[in-house]
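Read-outs throughout are calculated quantities, based only on the coordinates presented, and are distinct from any laboratory measurement. In this text the structure is predicted, and so the values were computed from the model without any measurement. Because the Cβ atoms are built from the backbone with ideal geometry, glycine has one as well, and the counts that use them run over all protein chains shown.
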Amino acid sequence: MVKVVTIVSFVIVSLFADLQKSCLACHEKEQIPSELIYKRYLLKYSTPKNIEEAMLRYLKSPTKTTSIMPPQFFLKFPMKTEIGLDDDTLRVNIELYMKKFDIKKRLYYR
Amino acid sequence: MLSSQNRSLIRFLSIYLISTLMLFALASWLFYSFTKQHLLDQQKDILLYEASHIKSQLRELHQSHSNRLIYPVAEQIESAIYDLDKRYIFGTLDERVELHSMDDIDKIYAIVDIEPHYLGAAYLLVVKNIDLEPITNLENKTLIFMLIATIFFAVLGYFLGGLFIAPMRESIERMNYFIQDATHELNTPISTILTNIEMIESMDKNLKNTQELKRIEIASKTLSRIYDDLAYLNLNHNYHRHIESIEIGLMVEERIEYFRVLAKAKELKIKLDIEPNIVLDIDKNDALRVCDNLISNAIKYNKVGGQLYIQVTQNTLVVEDSGVGINERDLGFILERFRRANKSEGGFGIGLNIVNHVVRNYGFDLQISSQQNQGTKVVIRW
């Protein structure tokens, strides 16, 4: 049992490490507001599935039209370059990204 | 009041009250339904107002950078948010209610679209318990209104019914006065005729068997019986009864003898089957009225050359004739006063009514069976 928990924890930690390395590291460096971006996706697409598809579209072809952010955003922040990861890896990273900022985790009763 | 008047009044009141109350019930139900719906709409408006409040609080939460987002709560209202696929996100509802499965009749629901989707929510479900107090008040008021209307229309109907049957009552009263007067006027001449017939018969034996005298005797006895019935009716059966032990077989034989002239005129074959010593505790006049009416009817409505069968047993008196009979339709009404099934013979239609009253008064059982053109059988059981 302990072994299983250890293995699962290791896998999760290593996956988050991948996300950090593939995405967030650059976001932090460029001071791109990740949470704000997630909220904009949430505001427009509502469901995790819709958000995932929209993000995937953007990550595969990052342009002003596929981006969720307004054009003025790119006056201050650079347009991202293509990462070159395959779809499956991108999807895993998107899911981790959504889990990290998941709004449900922050909602509480009084 | 006579039973026919009562029946007419009851029929009138039933039709009047049923139709009026049905109309009122329909109007009250419509009023109740519309007002209840209006009350529910008012409660729903309050719910929607609270929903718009929650919605603006969701917008504030969406813009908040806090790590701890406190879900908005409104007093007496439960709510939940759902994404575009109608999947539950968060809420205060006890259970995760599916958006399409809300069927609790004690609650009011409202689903409000959220656009843009603050916190990812596309729908806001707000639920409130129905405030039953105004609805219960409305139900009580409607019931009280119906009750008052029922009482009012019942009283009004009773007065209208009185007006409705007034002409009938007047005509019956007029008939009763006429019978009273006629009875009074008939008494002396009938007694005089019968006494004088007896005197003539005793004075001149040759005259006794003449056809003319027999006809006078038959007519006088018929008149005498009618007089007795009318006098009985005038007293409305309410006179002091002297109950005594009467040998019923003996009385039947006496009355047959009394009516023998009438039976002979119709050439009837009389068959008597009378057990001796059958004694009944009964008023003599009541017993006479029963015997006279049954025997005279059996003679009157018999065919010429027909049969008259009378049987007295320990528990029954049977009078059977082979006459015109009564049709099935009239058989149900034959015991009513002034009701005559066959108008070919004279009479007022009071004979069987008197028999029925006497029978009921003593707790006996009266049974009449008849077939048209074959005869009638009357059985009294005691």
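Structural remarks
- Partner chain coverage, peptide B:114-120 - average Cβ within 10 angstrom: 6
- Amide H partners (placed H, <5 Å) of B:Ile70, local residues excluded: A:Tyr108
- Relative to the current alpha-carbon distance between B:Thr150 and B:Ala166, full extension at 0.36 nm per residue lengthens the span by 3.4 nm.
- Total charge dipole magnitude, chain B, about the Cα centre, Cβ charges on Lys, Arg, Asp, Glu only, Debye to nearest 20: 1560 debye
- DSSP beta bridges in the protein assembly as shown [antiparallel fraction, %, rounded to 5]: 85 percent
- 3J(HN,Hα) along the range A:83-94, derived from phi through the Karplus expression 6.51 cos²θ - 1.76 cosθ + 1.60 where θ = phi - 60°, amounts to 7, x, 8, 6, 4, 4, 5, 4, 4, 4, 5, 5 Hz, with x in place of Gly and Pro.
- Overall form of the range B:241-381 per C-alpha gyration tensor (a/c, 1.5; a/b vs b/c): oblate
- B:Gln367 versus B:Ile18: modelled label distance in nm, points set 7 Å from Cα along the beta carbon direction: 3.3 nm
- Dipole in debye (nearest 20) - the protein assembly as shown, about Cα centre, beta carbon charges: Lys, Arg +1; Asp, Glu -1: 1540 debye
- Charge-dipole axis of the range B:185-324 as Lys and Arg at +1 and Asp and Glu at -1 on Cβ define it, positive-most pick from B:Leu186, B:Asn302, B:Pro276: B:Asn302
- DSSP-defined antiparallel bridges as percent of all bridges, chain B, nearest 5: 85 percent
- Highest average packing first - A:25-33, B:276-284, Cβ atoms within 10 Å: B:276-284, A:25-33
- For the listed peptides B:292-302, A:76-86, a ranking on the average number of other beta carbons within 10 Å per residue, highest first, reads B:292-302, A:76-86.
- Computed over the protein assembly as shown, the Cα gyration tensor eigenvalues convert (square root of 5λ each) into semi-axes of 111, 25, 18 Å, ordered from largest to smallest.
- Helix B:3-63 and the long axis of chain B differ in direction by around 10°, with both axes built from C-alpha atoms.
- In a simple Cβ point-charge model (Lys, Arg +1; Asp, Glu -1; nothing else charged), the range B:248-382 has a dipole of about 480 debye relative to its Cα centre.
- Three principal axis extents of the range B:113-245 based on alpha-carbon atoms, in descending order, are 132, 33, 25 Å.
- Rounded to 10°, Cα long-axis angle of helix B:284-300 versus longest principal axis of chain B: 80 degrees
- Report summary: the helix-based calculation at 222 nm, which adds -39500 (n - 2.57) for every DSSP H run with n ≥ 4 and divides by the residues of chain B, gives -19500 deg cm²/dmol.
- Per-residue ³J(HN,Hα) for the range B:325-334, Karplus 6.51 cos²θ - 1.76 cosθ + 1.60, θ = phi - 60°, Hz, x for Gly and Pro: x, 10, 6, 4, 5, 7, 4, x, 10, 5
- Peptide ranges B:14-22, A:46-54 listed from the most packed, as the mean C-beta count within 10 angstrom indicates: A:46-54, B:14-22
- Between the Cα long axis of helix B:211-234 and the first principal axis of chain B there is an angle of about 30°, rounded to the nearest 10.
- Calculated FRET efficiency, B:Glu244 to B:Tyr158, Cβ-Cβ distance, R0 = 41 Å: about 0.40 to the nearest 0.05.
- Reported to the nearest whole Å, the Cα centre-to-centre distance from the range A:52-110 to the range B:102-128 is 29.
- Per-residue mean of C-beta atoms belonging to partner chains within 10 Å, peptide B:86-92: 3
- Per-residue mean of C-beta atoms belonging to partner chains within 10 Å, peptide B:243-249: 0
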